[in-house]
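Taken together, the values in this text are just the output of simple stated rules run on the coordinates, not laboratory data. Note that the structure is a prediction, hence the values are computed from the model and not measured. Positions of Cβ are generated from backbone atoms using ideal geometry, with glycine treated the same way; all protein chains shown enter the neighbour counts.
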Amino acid sequence: MRNILHTFILTGLLLLLAGCASWKDARETADADAPVFPDYKDVTVPCNIAPMNFMIEGADRIQARFTSSRGQNVLTVAGKDGVIDIPLRKWRELLASAKGGELQVEVCSWSDEYPDGVSYRPFVINVSADEIDGWAAYRLIEPGYVSWRQLGLYQRDLTSFEESAIVTNHSNTTTCLNCHHFPSYSAGSMMFHARGANGGTIIHRDGKTYKVDFGKISRFKSVTYPAWHPEGRYIAFSSNTTHQVFFAEGSQPIEVFDTASDLLVYDVVMDEVMTDPRFLTAESLETFPAWSPDGKYLYFSSYTSDSLPVELSYDMNYDLLRVEFDPVNNRFGEKIDTLYNAEVQGGSASYPRISPDGRFLLYTRSDYGTFPIWHREADLHMIDLETMEDIDLGGWNCADEADSYHSWSSDGRWVMFGSRRLDGRYTRLYIAYFDADGKPHKPFLLPQEDPRYNHWRLKSYNVPEFVDGIVDLPDEVVKLFDPEN
């Protein structure tokens with residue numbers, strides 16, 4: 001018994017020393033910023049975010065000292081292999097003490113180049129008093145073009161490193177799962193598409209999970225991009241006829257484009273589809289629907305031409321439009337507003353998303369087309385709907401790689417988006433603060449328990465969405481799209 005107790009105490013001490021340690025001075029001082037990855041210098045983070053672990057490439061030993069600007073809370077962490085791994089409980093205490101203020105971070109490292117250690121200029125992490133939604137949902141997928149395997153919808157606790165599967169195709173790798181969505185951030189309801197031999201649209205609401213075959217209840221064989229109405233009764237969809245083009249040379253390997261796309265609204269209560277003749281014409285392509293927070297407007301991207309192309313056209317430039325919606329009578333209003341005119345303003349607009357207060361419209365702009373994830377020039381843009389002026393988001397974008405799909409937090413203070421800025425191939429998640437004065441702050445890479453995981457995980461994060469809790473689908477959901485059922 002005594003030996004067991006001694007072993008337990010020794011193990012606890014070793015774990016404590018591995019995470020927290022006394023400060024050891026480095027012999028040299030560099031007049032340079034600490035070369036930490038991810039780049040967390042001068043970012044603004046939520047007061048409930050997971051530990052901001054980081055590393056220095058090539059370092060053998062590393063130490064960091066975090067000092068709160070409020071309350072004199074100090075945390076010293078030492079690590080091996082150049083990795084700082086911050087204990088969760090102590091990190092939460094540190095954030096609580098720095099809420100509304102900042103953390104000063106001092107970093108030293110030891111390596112073959114600096115065997116006696118080198119210290120760098122301290123940097124600051126700003127700690128917002130605004131919390132972030134506790135969970136994010138996304139798809140993990142290999143960045144392929146024709147086939148897929150081992151993909152799924154996952155959820156991540158943003159206040160820790162817990163990740164779990166919502167649903168996967170592991171039992172049947174011929175099925176593609178995509179286009180997940182939630183009404184008003186609610187983890188209690190969701191929908192996604194299962195593409196395959198026994199596919200359909202899977203809906204989970206009111207404790208029931210079922211499949212909808214749109215080919216049996218409407219003229220639409222399938223639906224694509226969704227937007228769940230805030231009240232939970234309706235889901236707006238686009239129904240797209242999509243094609244792919246592959247390039248033999250150049251930096252862009254693929255282009256995805258539509259030759260047809262229409263808008264419809266599905267009533268989940270009545271199991272009925274409502275359409276409007278204006279959004280069913282062959283001369284216009286409507287896609288990427290998004291509701292206003294009050295549910296009174298539907299926003300969408302639209303391309304109109306006298307002769308739609310049957311193959312890729314570099315002149316396919318999408319506007320941003322808005323139409324009124326009557327949720328009582330399930331019908332659209334007469335007036336259609338143009339919020340972004342591609343012919344006048346240039347470029348092509350995708351993924352309109354409205355802030356929870358209804359004031360700001362965030363979208364992705366690329367040179368042409370409607371699938372910006374493969375466009376290296378794709379960037380985030382924002383319109384103030386009160387003044388109709390553009391908000392400068394230059395600090396959120398990477399000039400050389402795609403910044404694409406995005407979503408607002410439930411309080412409108414945080415934006416999560418996908419970017420390929422690390423390597424040009426894999427989409428990873430970034431979070432940026434948008435303060436109450438409408439000022440965007442420097443984005444930061446989603447924290448990982450081991451920062452090297454950002455390079456080791458050969459999956460793209462696709463369609464990130466904030467949710468208010470854990471999504472719990474029944475195990476039987478897989479049977480709904482199993483080809484053998």
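Axis angle, to the nearest 10 degrees, between helix 88-98 and the longest C-alpha principal axis of the chain: 90 degrees. For the range 411-485, averaging the sequence separation of C-alpha pairs within contact (under 8 Å, six or more residues apart) and dividing by the residue count gives a relative contact order of 26 percent.
As an exercise, use a Förster radius of 41 Å and the Cβ-Cβ distance of residue 345 and residue 270 to find the FRET efficiency, rounded to the nearest 0.05. Efficiency computed from Cβ-Cβ geometry: 0.55. Taking a Cβ cut-off of under 15 Å around residue 113, the surrounding Lys, Arg, Asp and Glu residues balance to a net charge of -3, with basic ones at +1 and acidic ones at -1.
The length gained by stretching the chain between residue 29 and residue 150 to full extension, at 0.36 nm per residue less their Cα-Cα distance, is 38.8 nm. Which whole-angstrom value gives the distance between the alpha carbon centres of the range 323-378 and the range 138-210? A separation of 25 Å, based on Cα centres. For the pair the range 78-96 / the range 393-447, the C-alpha centres are spaced 24 Å from each other. Under the combined filter of DSSP loop state and at most 14 neighbouring Cβ atoms within 10 Å, the range 453-484 retains these trypsin sites (Lys or Arg not before Pro): 457. Between the beta carbons of residue 259 and residue 473, assuming R0 = 30 Å, the FRET efficiency works out to 0.30 to the nearest 0.05.
For the range 425-445, the residues whose backbone nitrogen is under 18 Å from a point 7 Å from the Cα of residue 387, taken along Cα to Cβ, are 434-441. With both labels modelled 7 Å from their Cα along Cα-to-Cβ, the residue 314 to residue 336 distance reads 2.8 nm.
The simple spin-label model puts a point 7 Å past each Cα toward its Cβ; for residue 283 and residue 221 those points are separated by 2.7 nm. Taking the C-alpha atoms only, the angle from helix 2-19 to the longest principal axis of the chain is near 70 degrees. Listed by chain and number, the lysines whose alpha-carbon sits under 27 Å from that of residue 221, ignoring those within fewer than 8 places in the same chain, are 208, 211, 479. Working from Cα pairs under 8 Å separated by at least six residues, relative contact order for the chain is 13 percent.
Label 7 Å along Cα→Cβ of residue 81; the range 29-47 residues with amide nitrogen under 20 Å? Inside the label zone: 35-39. For the pair residue 359 and residue 439, label points projected 7 Å from Cα toward Cβ lie 1.4 nm apart.
Normalised by the residues of the range 115-185, what does the relative contact order come to in percent, with Cα pairs under 8 Å and at least six apart? Can you show the working numbers first?
Values: 85 pairs, mean separation 16.6, N = 71.
Relative contact order here is 23 percent.
Looking only at the range 391-417, which residues have a backbone nitrogen under 13 Å from a spot 7 Å from the Cα of residue 42 in the C-beta direction? Answer for the range 391-417: 395-396.
For each pair in 41/439; 335/439; 99/459; 41/99; 41/90, compute the distance between the two Cα atoms and list the pairs where it is over 22 Å. 335/439; 99/459, as the Cα separations exceed 22 Å there.
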